[in-house]
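The values are calculated or read from the model by the stated rules, or taken from the named source; none is laboratory data. Note that the coordinates shown come from a computational prediction; the quantities given were computed from them, not determined experimentally. All Cβ positions, glycine included, derive from the backbone under ideal geometry; neighbour counts span all protein chains shown. Only protein heavy atoms, including side chains, enter the accessible area calculation; ligands, DNA and RNA are left aside. Shrake-Rupley method; radii C 1.70, N 1.55, O 1.52, S 1.80 Å.
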Amino acid sequence: MNAVKTSIVLIDDHKLFREGVKRILDMEEGFEVVAEGDDGQDAVELIENYDPDVVLMDINMPNINGVEATRRLIEKYPDIKVIILSIHDDEAYVTHAVQTGASGYLLKEMDANALIDAVKVVADGGAYLHPKVTVNLISEFRRIKTQGPSNGGGEVGFKEVEYRKPLHILTRRECEVLQMLADGKSNRSIGEALYISEKTVKNHVSNILQKMNVNDRTQAVVEAIKNGWVKVN
């Protein structure tokens, strides 16, 4: 009996890019691209017809852009899982996409492994941000910590706290992994730095999320910064 595959709808108005992404996904045994479209309107119609597990959605498209299409989809199908594909790594784009309901945000400079990881994580109910995006978000958090909000009003989101490892809830190895997540490193980079497999890194990350009671690695890093559990030089 064949295992059930993760069904994917791919929406992007650049045909060559779309074909490249589809080729990568089709090479993964557990994935199946069931439909493709050129814009946000196609997305709405294709989701109605195919009910996919994951939608890969370009952010910049004619007629209806990816964020607006995501908003419409979430309103109609609250459980739909959307990963935004974008050339923009600015935290404002990421925040807007996530607030709209996207479960993931990938930069188009991603490699094949990042794409596959993102689809797997989101299909399993998690959230995934491109490592470079995470770095920019953390940089903004650091700026707020030292300078306050850019608009000059409101409360600063971070208080000055002494750096201390969270050994009361995490192992020493998990503390190392958490620090590297805060440094914006990918699972592969963490594995290479610690001389452990990428699978072992994923297990450590899962343990960290569970112990910290957060949903994804970005939330873990934000909480770690707030509590002084990682260095933010």
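Each residue, THR171 and LYS199, gets one label point 7 Å from its Cα in the Cβ direction; the gap between the two is 1.6 nm. The heavy atoms of ARG217 present about 40 square angstrom of accessible area, all protein chains included, probe 1.4 Å.
Using a probe of 1.4 Å on the protein chains alone, the accessible area found for LYS132 is around 80 Å². Averaged per residue, the chain has 53 square angstrom of accessible surface, using a 1.4 angstrom probe with ligands and nucleic acids left out. The apolar share of the surface of the range 1-103, taken as the fraction of accessible area on carbon and sulfur atoms (1.4 Å probe, ligands and nucleic acids excluded), comes to 47 percent. Charged side chains reduced to their Cβ positions (Lys and Arg at +1, Asp and Glu at -1) give the chain a dipole of some 1320 debye around its Cα centre.
Computed with a 1.4 Å probe on the full set of protein chains, the accessible area for VAL98 sits at about 70 Å². Our summary gives the range 17-106 a relative contact order of 23 percent, counting only alpha carbon pairs under 8 angstrom and 6 or more residues apart. If you fit an axis through the alpha-carbon atoms of helix 112-123 and take the longest principal axis of the Cα set of the chain, what angle between them do you get, 0 to 90°, nearest 10? Helix 112-123 sits roughly 90 degrees off the main axis of the chain. Enclosing the Cα atoms of the chain in their convex hull gives a volume equal to 141 cubic angstrom per residue.
Which log10 I(q)/I(0) values, to two decimals, does the range 1-42 give at q = 0.23, 0.32 Å⁻¹ under the Debye formula with one point per Cα? Log10 I(q)/I(0), no solvent term: -0.74, -1.12. Counting 0.36 nm for each residue step from TYR163 to ASP26 and taking away their Cα separation leaves a gain of 44.8 nm. Computed from Cα positions, the angle between helix 217-227 and the longest principal axis of the chain comes to roughly 20 degrees. Share of carbon and sulfur in the accessible area of the range 169-222 stands at 44%, probe radius 1.4 Å.
Counting only helical runs of four or more DSSP H residues, what would the 222 nm mean residue ellipticity of the chain come to if each run contributes -39,500 (n - 2.57) and the total is spread over all its residues? About -16000 deg cm²/dmol. For the pair GLU48 and LYS15, a Förster radius of 25 Å applied to the C-beta separation gives a FRET efficiency near 0.65, rounded to the nearest 0.05. Output the 0 to 90 degree angle, nearest 10, between the alpha-carbon long axis of helix 198-212 and the longest principal axis computed from the alpha carbons of the chain. On a 0 to 90 degree scale, this one is about 70. Here the gap between ALA92 and LYS108, fully extended at 0.36 nm per residue and compared with their Cα-Cα distance, gives a gain of 4.1 nm.
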